[in-house]
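In what follows, a single structure is set out as structure tokens and then discussed.
Nothing in this text is a laboratory measurement; each read-out follows from the coordinates by a stated rule. No experiment lies behind these values; they were computed from the predicted model shown. Positions of Cβ are generated from backbone atoms using ideal geometry, with glycine treated the same way; all protein chains shown enter the neighbour counts.
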Amino acid sequence: MSELWRLTAHEAHEQLRNKEFTSVELTQSVLDRVAEMEPKVNAYITLTAELALEQAKEADAKFASGTATPLAGIPVAVKDLIVTKGVRTTAGSKILENFIPPYSSHVYENLRRAGAVMVGKANMDEFAMGSSTEHSAYGPTRNPWNTGLVPGGSSGGSAAAVAAGEALLALGSDTGGSIRQPAALCGNVGLDPTYGRVSRFGIVAFGSSLDQVGPIGRDVEDVATMLQCIGGHDPRDSTSNPEPMPDMRHYLGRDIKGMKIGVPKEYFIAGMEPGVTARIEEALATLESLGATVDRSLSLPSTDHALAVYYIIAPSEASANLARYDGVKYGFSDRSGPTMWDNMEQTRAQGFGNEVKRRIMLGTYALSAGYYDAYYLKAQKVRTVINNEFAEAFAKYDVIVTPTSPAVAFPIGAKVDDPYAMYLNDIYTLPASVAGLPAVSVPCGFSEGLPVGLQIIGNFFDEGRILQVASAYEQASGFANQLAG
Ligand code: GLN
């Protein structure tokens, strides 16, 4: 019964049901692994070991009474911008270092209803701004495949926890790539749902028209199961889609014969690492061998503009969302100054890190009178052009396949002082985010010993189809349940 942390969630579920071990034993195995790995990886900001064992006991009761559903008793990591009642939620920021939420997010409520066990709150770039998890006020997370490298970000703690065996599954959030890119760099499956599929109630806001919570797991089946659990309508989020959630499991293990796959030329740029290009080409050949047609004549000419559009819209929304951290309502507060204004200024000066300040300044500038039309309004118009190009493509193709990231994991410190180099990490993930489309990253092999990710983008609310392609590809390639160590 050793090394239970190596199991996928669905394997663990089977064995829990067959009474081969209990959730308390499974959770203890994960907690032991956490104790071994955390000094090297730093995947968590807050560990909730005691709570996890209590929740595991409750899950064991569900198994005893025959009421356990697939996530019951499964140890998960929860990104630290997901509000959890009674458990500190920092969003990776000093400004929330003492924030104990009085309520829970929709996604955490759903996980708890399903009986999942929370191991802890996963590390992240401050307010989800970043691609390396180096912008955390709680120290960087390290990539379990090589601890000199970043795990990607901003959900780097979630992805590293899953890859290191410090959780079987995780929740991340994606605004411009923050689930898919770390999943790619850590060898996991990560899915960014359609905007509106998963309620944002109780999610610390970054870019409200872009943010979505989604699953990171060791294989496609686990990711489908978690999406099923967190998705669906929630009246507390006015952007939540009222359509009922279809059965995601229906799409697993089906063939993809005759499926039309578009591969956009603009995603194969100079500067892409040769090892990444090679793995993507092999993956495309695999998809073809499964009976899909792979058409490389697709062109999405505005792909290039997605980065500029994103870095106007996301900081603009962030500058408004982050105005609430004023030292009065939440967490950290410096009250040493002579006036309220001094205190507010000091609270924000000390409470926010440099990247967050940079985004607030960019966003405030882009929204200011005189510049609003030139930047924000223009960006919104180009956003529509990007949407229209995708809409035309989905009239012809079932899914669009691209690399997830142009490069494998890079050294800690390599890009942290060069914001533009850091922003370029997301060139392949930003377009789908800007359009609000669902996309999944699946492992497609290794380059220089480090994981490479394949991105599958779908039409609105077509998560089922991208999971179908991901599942068929995973079965053919065998790249499932890749653990570092
Ligand atoms: N890396 C991008 C950024 O820094 C995307 C982050 C995200 O998806 N949360 O904004």
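Are any of the pairs Lys265/Lys381; Lys357/Lys415; Lys79/Lys415; Lys19/Lys257 more than 27 Å apart by Cα-Cα distance, and if so, which? Present the calculation step by step, with values, prior to reporting the outcome.
Values: Lys265/Lys381 23 Å; Lys357/Lys415 18 Å; Lys79/Lys415 23 Å; Lys19/Lys257 39 Å.
The pairs that break the limit, which is 27 Å between Cα atoms, are Lys19/Lys257.
Which Cα, out of Ala77, Leu287, Pro274, lies furthest along the positive dipole direction of the chain (beta carbon charges, K/R +1, D/E -1)?
After comparing all options, I get Ala77.
Any idea how far the Cα center of region 47-122 sits from the one of region 138-166, in Å?
When both Cα centres are located, 20 Å separates them.
With Rg and the Kirkwood Rh both taken from Cα atoms, where does Rg over Rh land for the chain? Could you put the intermediate results ahead of the total?
Numbers: Rg = 21.1 Å, Rh = 22.1 Å.
Ratio of gyration radius to Kirkwood radius for the chain: 0.95.
So if I take the centroid of the Cα atoms in region 223-297 and the same for region 170-199, what is the distance between those two points in Å?
Region 223-297 and region 170-199 have Cα centres separated by 12 Å.
Can you give me the relative contact order of the chain as a percent, contacts being Cα pairs under 8 Å and 6 or more apart? The partial results should precede the final answer.
Numbers: 1198 pairs, mean separation 85.6, N = 485.
The value is 18 percent.
Placing +1 at every Lys and Arg Cβ and -1 at every Asp and Glu Cβ, with all other atoms neutral, what dipole size does region 218-326 have around its Cα centre, in debye to the nearest 20? Walk me through the intermediate numbers first.
Values: 10 positive and 17 negative charges, 33 e Å.
In debye, rounded to 20, region 218-326 gives about 160.
Eigenvalues of the Cα gyration tensor times 5, then square-rooted: what semi-axes does that give for region 184-247, in whole angstrom, largest first?
Working: eigenvalues 90, 45, 13 Å².
Value: 21, 15, 8 Å, ordered largest first.
For a protection proxy built on the mean count of beta-carbon atoms within 10 angstrom, sort 363-373, 27-37 highest first, please.
Highest mean packing first, the order is 27-37, 363-373.
Which helices, taking whole DSSP H runs in the chain, have alpha carbons extending 15 angstrom or more along the helix axis plus mean Kyte-Doolittle at least -0.5? Don't skip to the answer; put the middle values down first.
Values: long enough: 23-41 (26 Å, -0.09); 49-65 (24 Å, -0.29); 220-230 (16 Å, 1.06); 274-289 (23 Å, 0.16); 306-321 (22 Å, 0.82); 340-351 (16 Å, -1.53); 354-367 (20 Å, -0.16); 378-396 (28 Å, -0.46); 463-477 (21 Å, -0.26).
Going by DSSP H runs, the hits are 23-41, 49-65, 220-230, 274-289, 306-321, 354-367, 378-396, 463-477.
Distance from the Cα centre of region 401-436 to that of region 26-44, in angstrom?
28 Å
Order of 175-183, 255-263, 237-245 by packing, highest average Cβ count within 10 Å first? Can you show the working numbers first?
Working: 175-183: 34.0, 255-263: 16.1, 237-245: 13.9.
So the peptides 175-183, 255-263, 237-245, ranked by packing, come out 175-183, 255-263, 237-245.
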